Amino acid sequence: MIIERTVTPFVVYREDPVLRALEKITANKARIVFCVTEHGHLVGSISDGDVRRWMAGQDAVDLSRPCSDVANTAPVSVPEAATPSEIRPLFTEAVDHIPILDEHGHLVAVAVNRSDAFRVGRREVGKDQAVFVIAEIGNNHNGSVELAKRLVELSAEAGADAVKFQLRDMAALYRGTAGSSAGEDLGPQYTLDLLSRVNLPAESLFEVFDHARDVGVDVMCTPWDAPSVDALVEYGVPALKIASADLTNHTLLRHAAASATPLVVSTGMSTEAEIRESVALLRGTGTPFALLHCQSTYPAPFKDVHLRYLARLAELGDCPVGYSGHERGFHVPLAAVALGATIIEKHVTVDRSMEGNDHTVSLLPDELRAMVVRIREVEEALGSGAPRQVSTGEMMNRVNLAKSLVAARDIAPGEVIDRPAVDVKSPGRGLQPNAMDRLVGRTANRPLAAGDFFYASDLADSVPTARDYTFRRPWGVPVRYHDWRQLVADTRPDFLEFHLSYKDLELEPEAFFRDLPDHCTDRAGVLGMAFTTHLPDLFSRDFIVDLASLDDDTWKRSIHELQRTIDVTRRLAQWFTLTDDPVVVATMGGFTSDRHLDPAERAIRYERVEAAVAQVDSAGVRLTAQTLPPYPWLIGGQHFHNLFLDPDDTADFARSTGIPLTLDTSHTKLATNFLGRSFRDAVDLLAPHTIHLHLVDAVGVDGEGPQVGDGEIDWPVLAEQLDAQAPGVPFIPEIWQGHVNHGEGFWVALERLEQWF
């Protein structure tokens with residue numbers, strides 16, 4: 001049952017024509033509307049059946065007649081104070097929408113006999129929820145409590161949300177004395193003989209259920225008879241599973257539903273007419289339920305599965321739907337998830353050669369674990385149907401691979417840009433080619449040399465430019481050797497941060513520091529500012545520094561590349577005014593390509609980082625470990641970071657090793673989103689160990705580097721925290737592509753940050 005607080009789709013006014021009621025009934029797909037006065041007092045209900053009956057009694061049907069002529073003036077209704085347990089018994093096969101009235105008789109809500117979602121133990125199940133994975137143990141314990149407990153443990157380790165068993169009262173269930181198979185056909189006789197040997201009584205199952213609670217996995221159970229329903233409800237299972245064989249057993253369905261325990265009902269071995277009949281029964285009880293599409297043969301032939309029926313089943317049930325699979329493998333459940341299944345049930349065993357049909361179609365524990373992992377990947381990949389956006393990884397590749405509009409010749413400010421002045425060239429740093437028609441005919445707002453990119457600001461009337469900024473802490477800008485002069489032409493930062501490429505490490509820096517600009521130099525003829533450096537993210541042959549690597553060759557090369565960066569940093573010092581040793585920002589490593597590591601696997605990798613740093617000569621620099629995001633974009637694709645991600649072990653590392661941090665706010669915000677942690681608490685942990693800041697926004701778990709104020713960070717709160725816990729610590733605005741168009745993104749960021757910092 002759900003409560004709809006927005007009543008507009010269900011409301012017509014008593015003066016409205018009957019035609020309006022028919023239109024609303026069609027639009028809301030509920031087959032009913034409620035007629036109210038102009039002040040919202042309930043007059044009555046109008047169902048499609050009410051309209052048909054009214055039309056049948058008219059000599060000449062006039063759909064302009066007022067709705068009040070058609071309304072049933074004595075509908076079932078409840079007061080606003082009614083509880084769900086008081087409302088549910090009022091639902092019947094004919095009544096599935098109940099108006100809720102305030103003390104003055106105003107319609108304020110509608111109780112709808114629909115199960116969009118319901119709770120099973122620790123989890124919400126249904127629409128817009130993560131797929132609920134049930135490990136069906138059933139009778140695969142073969143009558144052994146110890147094996148049942150082991151299967152529970154293995155299922156929990158595999159990531160199942162619930163384990164499911166079966167409970168039978170053999171005497172109540174089968175017609176023979178004490179479940180005797182004498183006189184039965186061969187099939188039933190085999191089944192009865194097997195069950196008599198493997199069936200666990202309620203007391204034994206409850207011992208297993210208690211164990212499941214201890215290992216942190218919820219329990220469901222299939223009752224095959226009324227005494228089993230009663231025993232399970234008395235124990236307190238959070239949901240009952242109704243087997244396909246009992247979909248047409250209306251007596252058992254009513255008995256189970258009367259407990260108000262959520263029901264998950266399989267539909268194998270049934271016709272659509274039988275499914276409709278049972279759905280009507282269940283809906284009349286008001287008990288939340290879900291339907292599972294199922295092919296009840298063991299193993300099920302793929303040609304008989306018909307996964308497309310899931311959509312039809314959702315229409316029939318108007319409830320959450322899932323898939324209970326008896327085919328070999330687990331690729332079919334993955335397809336079911338893609339088609340809308342919110343529940344997946346698969347059998348699990350430790351040995352497929354054991355006696356019994358269920359074993360043959362079961363997954364082994366490692367296969368169950370793999371299925372759960374793939375389900376989570378599929379549901380993540382399903383995403384949403386929102387308008388398409390370019391992802392962070394695509395943006396990176398778009399810059400590298402796409403094309404841009406560039407100046408075909410020199411263009412002076414004030415000149416009208418004509419078509420011959422524009423060319424299309426790679427890479428994709430500037431305006432995309434589809435902006436050609438919007439660009440041509442505009443007046444240039446800045447000088448462009450042949451080959452310069454056009455940017456979005458060239459479609460605007462003004463361009464953000466650098467100026468003097470005022471902050472309570474030192475500030476700088478990210479630069480490269482080739483563009484630092486351009487970026488400081490109109491401003492004087494406190495320092496520059498050189499984001500080095502591996503090619504930069506091979507250059508002679510002297511060539512970039514001859515004839516220093518007058519406005520930036522001091523009396524000694526050097527730049528009157530400090531500097532920092534950033535270890536290259538990528539080296540030749542797709543090599544990425546990983547000081548945490550367990551591979552010795554990777555580890556040794558990582559140490560070598562870090563040492564080269566430190567050596568270059570020491571050489572750069574001769575052109576700057578320094579009161580402290582320059583900071584070196586390093587991404588220390590600890591990434592994987594396929595999954596995040598278990599937290600227990602991190603310690604040895606932190607030890608590798610510490611051992612690597614101990615081999616580096618860092619005299620004359622201050623080496624820092626940069627905080628990292630969960631999904632870094634490395635070499636144009638998504639990877640998985642594991643170290644310097646969790647605020648707790650990051651702070652512990654800094655505290656125990658004395659290696660300070662560069663707190664990257666985008667990375668840490670993404671990490672806390674991923675971990676379900678408080679960003680504010682993370683900053684409290686990390687700021688005391690921080691000597692350098694990268695200030696930039698973040699979105700979700702991998703939206704790295706958006707403009708300050710365009711993401712999820714609460715900047716006034718962050719500024720207050722950093723003033724208290726990291727006063728005077730310098731920062732740069734590390735905006736994605738902030739350097740393009742003469743640093744446009746940096747100037748926007750600094751303009752915004754100035755109000756808080």
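The values are calculated or read from the model by the stated rules, or taken from the named source; none is laboratory data. Because the structure is a prediction, the values reported are computed rather than measured. Cβ placement follows ideal geometry from the backbone for every residue including glycine, while neighbour counts extend to all protein chains displayed.
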- Query: Which residues, counting only those in region 391-439, are more than 12 Å from Asp452 (Cβ to Cβ), of a type in the set (Lys, Arg) and assigned to a loop (DSSP other than H, G, I, E, B)?
  - Reply: Lys403
- Could you please find all residues in region 717-734 being acidic (Asp, Glu) and either assigned to a strand (DSSP E or B) or touching a residue at least 60 places away in the same chain (Cβ under 8 Å) (or both)? Asp723, Glu734
- Identify the single condition in (1) crowded, with 17+ Cβ neighbours inside 10 Å; (2) β-branched (Val, Ile, Thr); (3) outside the structural domain of Leu623 (by TED's automatic domain parsing) that Val416 does not satisfy, given that it satisfies every other one. (1)
- Query: Mind checking whether some residue in region 99-109 is among the β-branched types (Val, Ile, Thr) and either touching a Leu at 6+ places or on another chain (Cβ under 6 Å) or part of a strand (DSSP E or B) (or both)?
  - Reply: yes
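Quick grid of which residues meet (1) under 26 Å from the mean Cα position of the chain (by Cα); (2) under 28 Å from Ala603 (Cβ atoms):
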| position | (1), (2) |
| --- | --- |
| Thr662 | no, yes |
| Ile691 | no, yes |
| His694 | yes, yes |
| Val699 | yes, no |
| Pro727 | no, no |
| Leu753 | no, no |
- Item | Exclusive hit being exposed (fewer than 14 other Cβ atoms within 10 Å of the Cβ) and either assigned to a strand (DSSP E or B) or over 40 Å from the mean Cα position of the chain (by Cα) (or both), set Ser45, Ser68, Ser85, Ser64 | Ser64
- Query: Of all the residues that make up region 195-238, how many are within 30 Å of the chain's Cα centre (by Cα) and either surrounded by fewer than 20 Cβ atoms within 10 Å (Cβ to Cβ) or polar (S, T, N, Q) (or both)?
  - Reply: 5
- Item | Answer residue from region 723-757, given it is within 19 Å of Gly705 (Cβ to Cβ) and of a type in the set (A, V, I, L, M) and is modelled with the lowest pLDDT among those | Val740
- Item | Breaking point among (1) over 38 Å from the mean Cα position of the chain (by Cα); (2) outside any loop (DSSP other than H, G, I, E, B); (3) in contact (Cβ under 8 Å) with a residue 40 or more places away in the chain, for Pro75 | (2)
- Task: Only one of these is of a type in the set (A, V, I, L, M, F, W, C), in contact with a strand residue (DSSP E or B) (Cβ under 9 Å, 6 or more places away or on another chain) and assigned by TED's automatic domain parsing to the domain that holds Gln129: Val373, Val378, Val332. Name it.
- Result: Val332
- Residue check for Val76: touching a Leu at 6+ places or on another chain (Cβ under 8 Å) and surrounded by fewer than 17 Cβ atoms within 10 Å (Cβ to Cβ): yes
- Note on the structure: Contact list, first residue from region 216-230 and without any contact (Cβ under 8 Å) to a residue 40 or more places away in the chain, second anywhere and not basic (Lys, Arg), beta-carbon distance below 6 Å, six or more apart or interchain, is Val229/Pro223; Val229/His255; Val229/Ala256
- Message: Checking the conditions here, which among His534, His519 is exposed (fewer than 15 other Cβ atoms within 10 Å of the Cβ) and closer than 25 Å to Leu487 by Cβ?
- Response: His519
- Query: In region 245-264, which residues are touching a strand residue (DSSP E or B) at 6+ places or on another chain (Cβ under 7 Å) and β-branched (Val, Ile, Thr)?
  - Reply: Thr261, Val264
- Output the residues belonging to region 666-685 that are more than 15 Å from the chain's Cα centre (by Cα) and free of Cβ contacts under 8 Å to residues at least 40 places away in the same chain. Ser678, Phe679, Asp681, Ala682, Leu685
- Count of region 115-173 residues which are assigned to a strand (DSSP E or B), crowded, with 23+ Cβ neighbours inside 10 Å and among the charged types (D, E, K, R): 2
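Residues checked against (1) modelled with pLDDT under 90; (2) polar (S, T, N, Q):
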{"site": "Asn445", "(1), (2)": "yes, yes"}
{"site": "Tyr455", "(1), (2)": "no, no"}
{"site": "Ala460", "(1), (2)": "yes, no"}
{"site": "Ala466", "(1), (2)": "no, no"}
{"site": "Phe471", "(1), (2)": "no, no"}
{"site": "Trp475", "(1), (2)": "no, no"}
{"site": "Asp483", "(1), (2)": "no, no"}
{"site": "Val488", "(1), (2)": "no, no"}
- Among the numbered criteria (1) under 32 Å from the mean Cα position of the chain (by Cα); (2) modelled with pLDDT under 90; (3) surrounded by 14 or more Cβ atoms within 10 Å (Cβ to Cβ), which single criterion is violated by Phe330? (2)
- Ser462 fails exactly one of (1) in a helix (DSSP H, G or I); (2) over 29 Å from Glu561 (Cα atoms), namely (1)
- Residue pairs meeting the criteria (Cβ under 8 Å; at least 6 apart or on separate chains; first assigned by TED's automatic domain parsing to the domain that holds Ala612 and free of Cβ contacts under 8 Å to residues at least 24 places away in the same chain, in region 557-581; second surrounded by fewer than 17 Cβ atoms within 10 Å (Cβ to Cβ) and in a helix (DSSP H, G or I)): none
- Query: Which ones in region 562-600 are closer than 30 Å to Phe674 by Cα and either in contact with a Ser or Thr (Cβ under 9 Å, 6 or more places away or on another chain) or modelled with pLDDT of 95 or more (or both)?
  - Reply: Leu562, Val583, Val584, Val585, Ala586, Thr587, Met588, Gly589, Gly590
- Message: For a quick check of your reading: which helices (runs of 4 or more DSSP H) sit entirely within region 545-658 and have at least 3 residues that are over 34 Å from the mean Cα position of the chain (by Cα)?
- Response: 552-572, 602-614
- Query: If you check Leu685 against the conditions, is it in the same structural domain as Leu634 (by TED's automatic domain parsing), more than 25 Å from Thr392 (Cβ to Cβ), in a helix (DSSP H, G or I) and not hydroxyl-bearing (Ser, Thr, Tyr)?
  - Reply: yes
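Residue by residue, here is whether (1) of a type outside the set (Phe, Trp, Tyr); (2) crowded, with 17+ Cβ neighbours inside 10 Å; (3) assigned by TED's automatic domain parsing to the domain that holds Asn400 holds:
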residue	(1), (2), (3)
Gly430	yes, yes, yes
Arg442	yes, no, yes
Ala449	yes, no, yes
Leu487	yes, yes, no
Glu506	yes, no, no
Glu510	yes, no, no
- For region 699-712, the count of residues that are without any contact (Cβ under 8 Å) to a residue 60 or more places away in the chain and either farther than 21 Å from Ser391 by Cβ or buried (at least 22 other Cβ atoms within 10 Å of the Cβ) (or both) equals 1
- Would you be able to tell me the number of residues in region 735-750 that are buried (at least 22 other Cβ atoms within 10 Å of the Cβ), in contact with a Gly (Cβ under 7 Å, 6 or more places away or on another chain) and touching a residue at least 40 places away in the same chain (Cβ under 8 Å)? 3
